[in-house]
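Beneath this line is the structure, given in structure tokens, with notes to follow.
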Amino acid sequence: MTKPPARTSLSLAGTILWLALRCGPTDGSWIDPDTPLEARVVTPLPVVPNKPKQEKKDKNDDASSSSTSTSTSSHRRRHKDPTASPTQFPTYAPTATPSVPPSSATPPPSVPPRRYELVFSDEFNTPYRTFSDGHDPRWTALDKNDYTNDAQHYYSSANAFTDAHGNLIIRSEAHDTEIVGFDDVAYRKTKVTKHFRSAMLQSWNKFCFAGGVMEAEMSLPGKHDVGGLWPAFWLLGNLARHTYVGSSEHVWPWSSGVCTDKSRTAQLVSACDRVQHYGLHTGVGRGAPEIDIFEVQAGNIKANTGNFLKMPVGQPFMSASYQVAPGRLPRPGEGWWPAPGQWYDNLTAGTNTSLNIAFYGTYNHFLDDTDPAGQDYWSDAISFNRQLNESHFGQFHRYRLEWELPDLEEREDNNFTKTYGYLRWFLDDEFVMEVDGVGLNSSGTGSEISSEPMYILLNTAISSQWGE
């Protein structure tokens, strides 16, 4: 790991969350009064898939060819004959005759885009707010060691505050903190010195939601070509609280409502349960899936080199992901592109984006389990990396998630349409990726797009396993 700067900050100008009108009215108590009126209703952004580069047409090719390749001349040539079948993307010029006979049938009425009404916003424009436990109605900044992901830092609430310019600041710095931790190899408590200090904000048990649109404007910390910092903007099911590792065992990142042999033993609250308690219903699987709007990795390893030899995206990048259990088998090996049938269908990538073949998920095993064969499970990380550049570090950019809940009942407020839900990511309103629930449903694992109430997390970690 390259040593990060002695002090750097993740800056956030504001975060906004919209929910569909079908979720019912809100009393507005979670809305910052300084949020402009024009920002209080939104509709989904368009999905523009990445378009493959057009192959150059050899000058010796027959001019009457029906190939969709473009000519190298200064003008684009019309196809002489119609294409044999619809192309994946529109051709640059219309074909001479229609590929499909025109129809006189009246087209179906267009469905109006779903409207989302603002339910939560925070502009962070009140100077010198603090977020230690009990200080803020929306957020809690941790005062706690982080045991996860080879963390090199201690989370301190003193490192999260608002400045005089209307920004939330998460400051990461070199600062020694002595803690008493548990050595899970030697099975004993031990004193450890963490040499870095940072901050994490959570809305856990204060504000959570299910489905909607969320976006925030952020300036990333550090330098674009220096690794080690791990800024993240993400959601986690409210049944688990991050860094409290015991709360996530057999809960993270489950999102499955079917009873299987695996869920019966590996999912803490599964659809196999026939006892109702603590407000949890029988026959309903619960868990804490994870949606990462971004996890950013800085560094100077370029695409198609080093660790990214087989990937068209290198450092710096943002990883947008949906982490879900149960995972699928067979599964691709890390660093390799999936073979047919090894990974999910209905995944769509945007421009400057690549499937993250460096990480497909986690094998979950816990020391106190008595039946590893039944209780161990795979979780999947369905993720794409989006290329970033120097401007994303020190300048503000807008990060957005659109989350449509599954609806198999074909309700009127969903235009009588069955949907398995979807997750869509955007950067500065440009499409990054989509996970369509149809692909999860067809995988046969029982996993699905989350319907869990989820809370918001903002943090910068410092890890020996993130970046070089």
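The values are calculated or read from the model by the stated rules, or taken from the named source; none is laboratory data. Just so you know, these numbers come straight off a predicted model, no measurement behind them. Quick reminder, even Gly has a Cβ in these numbers, built from the backbone with ideal geometry, and neighbours come from all protein chains shown. Surface areas here come from the heavy atoms of the whole protein model, side chains and all, with no ligands, DNA or RNA. Shrake-Rupley method; radii C 1.70, N 1.55, O 1.52, S 1.80 Å.
Since Asn149 meets every condition but one in (1) surrounded by 17 or more Cβ atoms within 10 Å (Cβ to Cβ); (2) at pLDDT below 95, which condition does it not meet?
Here Asn149 meets the rest and fails (1).
Looking at (1) under 21 Å from Leu427 (Cα atoms); (2) open to solvent by 10 Å² or more (accessible area, probe 1.4 Å); (3) touching a residue at least 40 places away in the same chain (Cβ under 8 Å); (4) in a loop (DSSP other than H, G, I, E, B), which is the one condition that is false for Lys310?
In the conditions (1) under 21 Å from Leu427 (Cα atoms); (2) open to solvent by 10 Å² or more (accessible area, probe 1.4 Å); (3) touching a residue at least 40 places away in the same chain (Cβ under 8 Å); (4) in a loop (DSSP other than H, G, I, E, B), Lys310 misses (1) alone.
Mind telling me which of the residues Leu440, Leu401 ends up being in a helix (DSSP H, G or I) and of a type outside the set (S, T, N, Q)?
Leu440
Looking at segment 266-279, can you tell me whether even one residue there is more than 30 Å from Phe393 (Cβ to Cβ), polar (S, T, N, Q) and modelled with pLDDT of 95 or more?
yes
Just checking, does segment 341-361 include any residue being among the β-branched types (Val, Ile, Thr), farther than 25 Å from Ala210 by Cα, part of a loop (DSSP other than H, G, I, E, B) and under 20 Å from the mean Cα position of the chain (by Cα)?
yes
Restricting attention to segment 128-146, and to residues there that are part of a loop (DSSP other than H, G, I, E, B) and open to solvent by 60 Å² or more (accessible area, probe 1.4 Å), which single residue is farthest from Asn205 (Cα to Cα)? Walk me through how you get there before you give the answer.
Residues of segment 128-146 part of a loop (DSSP other than H, G, I, E, B): 128-129, 131-139, 142-143, 146.
Adding the requirement that they be open to solvent by 60 Å² or more (accessible area, probe 1.4 Å) leaves 128, 133-135, 137, 143.
Working: Tyr128: 24, Asp133: 12, Gly134: 12, His135: 14, Pro137: 11, Asp143: 17 Å.
Among them, the one singled out is Tyr128.
Filtering segment 166-193 down to residues that are among the β-branched types (Val, Ile, Thr) and in contact (Cβ under 8 Å) with a residue 60 or more places away in the chain, which residue is surrounded by the most Cβ atoms within 10 Å (Cβ to Cβ)?
Per the stated criteria, the residue is Ile170.
Residues in segment 417-427: is at least one open to solvent by less than 20 Å² (accessible area, probe 1.4 Å), over 23 Å from Ala210 (Cβ atoms), in contact with a Pro (Cβ under 7 Å, 6 or more places away or on another chain) and not in a loop (DSSP other than H, G, I, E, B)?
No; the residues of segment 417-427 include none that is open to solvent by less than 20 Å² (accessible area, probe 1.4 Å), over 23 Å from Ala210 (Cβ atoms), in contact with a Pro (Cβ under 7 Å, 6 or more places away or on another chain) and not in a loop (DSSP other than H, G, I, E, B).
In this structure, does Glu452 turn out to be in a loop (DSSP other than H, G, I, E, B) and either modelled with pLDDT of 95 or more or under 18 Å from Tyr322 (Cα atoms) (or both)?
yes
Hey, Val213 hits all of (1) open to solvent by 40 Å² or more (accessible area, probe 1.4 Å); (2) under 21 Å from the mean Cα position of the chain (by Cα); (3) within 22 Å of Ile382 (Cα to Cα) but one; which does it fall short on?
Checking Val213 against (1) open to solvent by 40 Å² or more (accessible area, probe 1.4 Å); (2) under 21 Å from the mean Cα position of the chain (by Cα); (3) within 22 Å of Ile382 (Cα to Cα), the one that fails is (1).
Step by step: first the residues of segment 257-284, then only those that are under 17 Å from Glu448 (Cα atoms) and in contact with a helix residue (DSSP H, G or I) (Cβ under 6 Å, 6 or more places away or on another chain), then the one that is surrounded by the fewest Cβ atoms within 10 Å (Cβ to Cβ). Which residue is that?
Restricting to residues being under 17 Å from Glu448 (Cα atoms) and in contact with a helix residue (DSSP H, G or I) (Cβ under 6 Å, 6 or more places away or on another chain), the top hit is Cys272.
What number of residues within segment 255-276 satisfy the criterion of being under 22 Å from Tyr420 (Cβ atoms) and under 26 Å from the mean Cα position of the chain (by Cα)?
10
For Tyr322, only one of the following conditions fails: (1) open to solvent by 50 Å² or more (accessible area, probe 1.4 Å); (2) within 17 Å of Ser354 (Cα to Cα). What is its number?
(1)
When you scan segment 328-353, how many residues do you find that are open to solvent by less than 60 Å² (accessible area, probe 1.4 Å) and touching a residue at least 60 places away in the same chain (Cβ under 8 Å)? Please lay out each step first, then the result.
Taking segment 328-353 and keeping what is open to solvent by less than 60 Å² (accessible area, probe 1.4 Å), we get 328, 331-333, 335, 338-339, 341-344, 347-351, 353.
Filter once more, keeping what is touching a residue at least 60 places away in the same chain (Cβ under 8 Å): 328, 344, 347-351, 353.
Within segment 328-353, residues that are open to solvent by less than 60 Å² (accessible area, probe 1.4 Å) and touching a residue at least 60 places away in the same chain (Cβ under 8 Å) number 8.
Considering Leu458, Leu405, Leu440, Leu401, which residue is crowded, with 23+ Cβ neighbours inside 10 Å, in contact (Cβ under 8 Å) with a residue 40 or more places away in the chain, of a type outside the set (Phe, Trp, Tyr) and under 12 Å from Ser255 (Cβ atoms)?
Leu440
What residue, among those in segment 111-124 that are in a loop (DSSP other than H, G, I, E, B) and over 10 Å from Asp32 (Cα atoms), is least open to solvent (accessible area, probe 1.4 Å)?
Across segment 111-124, the extreme among qualifying residues is Arg114.
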